[in-house]
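The block underneath contains the structure these notes are about, expressed in structure tokens.
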Amino acid sequence: MLFLQIFLSIFATVVVYIGAKALYRRFPYPFMLPVLVSTIVLIFLLLLFQISFETYYTGGQWLEKLLGPGVVALAYPLYKQMKLLRSYFWPIVISVFIGAVIGMTSGLLLTKWGGFEAELVYTMVPKSVTAPVAMDMATTLGGISPLAAVLVMVAGVGGSVFAPYCFRWFNIKNEVSKGVAIGSASHAIGTAKAIENSEREGAASSVAMTLSAIIVSVIGPMLVFLFY
């Protein structure tokens, strides 16, 4: 019975995602992003068939374990664009540092001013870094690891959906600038979107995502100490 649950969870997730990706190829709009559409469809299916998250997660957890290797695989476009990234080294480092600090402090201040419990405040801190780092950091700070993963996904999907509009509104056309922005704010989900746009943008996003994870891991506990 357990094996059947695992198989069905994985099978349903993969099939729904493939369908969402095919739909996205036909209608390539930001709000049709495969990860967003597939998440909504899966939630609807769980509610429709009254399947608990715990039951679904028996198989979903195995897909979650692919997050680490998936992030590591992003090093390939980074390697191919190493020469370009060396020439932008300091602008990228400074931009990512500023973005990481703003991302953390905004979450901290909003939750603190909103009167949320300390546990939720700590969970909000690593919302803009990749899920494996965010979950570990939330646990270390005293937050809620599964909720941190949800917040990471919200940040990733939100950034991927709204980034094209923001770039258009502010007339941002430089591929490196766009990659750094989306990688800093939307981690792996945003980086996957950046790679779709161009290899240069994807490489810049990979660097920004990695640097952001390092900076947040170091600076996050200090900001929590200062503000809470």
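The values are calculated or read from the model by the stated rules, or taken from the named source; none is laboratory data. Note that the structure is a prediction, hence the values are computed from the model and not measured. Here the Cβ positions follow ideal geometry from the backbone for every residue, glycine too, while neighbour counts run over all protein chains shown.
Do we have I51 as part of a loop (DSSP other than H, G, I, E, B) and either more than 18 Å from the chain's Cα centre (by Cα) or assigned by TED's automatic domain parsing to the domain that holds T191 (or both) here? Yes; evaluated as a whole, the condition is true for this residue. Kindly check whether there is at least one residue in the stretch 39-52 that is within 30 Å of L211 (Cα to Cα) and either touching a residue at least 12 places away in the same chain (Cβ under 8 Å) or surrounded by 15 or more Cβ atoms within 10 Å (Cβ to Cβ) (or both). Looking through the stretch 39-52, at least one residue is within 30 Å of L211 (Cα to Cα) and either touching a residue at least 12 places away in the same chain (Cβ under 8 Å) or surrounded by 15 or more Cβ atoms within 10 Å (Cβ to Cβ) (or both). Within this structure, V71 fails the test of being at pLDDT 80 or above, out of contact with any Cys (no Cβ under 9 Å at 6 or more places or on another chain) and of a type in the set (V, I, T).
Within the stretch 16-37, restricting attention to residues that are of a type in the set (G, A, S) and either out of contact with any helix residue (DSSP H, G or I) (no Cβ under 7 Å at 6 or more places or on another chain) or modelled with pLDDT under 90 (or both), which residue is surrounded by the fewest Cβ atoms within 10 Å (Cβ to Cβ)? Filtering first and then ranking leaves A22. Here the condition is being within 8 Å of the chain's Cα centre (by Cα), under 15 Å from M209 (Cβ atoms) and among the polar types (S, T, N, Q); of S186, S160, it holds for S186 alone. Within the stretch 124-139, the set of residues being closer than 11 Å to G220 by Cα and either in contact with a Lys or Arg (Cβ under 8 Å, 6 or more places away or on another chain) or hydroxyl-bearing (S, T, Y) (or both) comprises just one member, A134.
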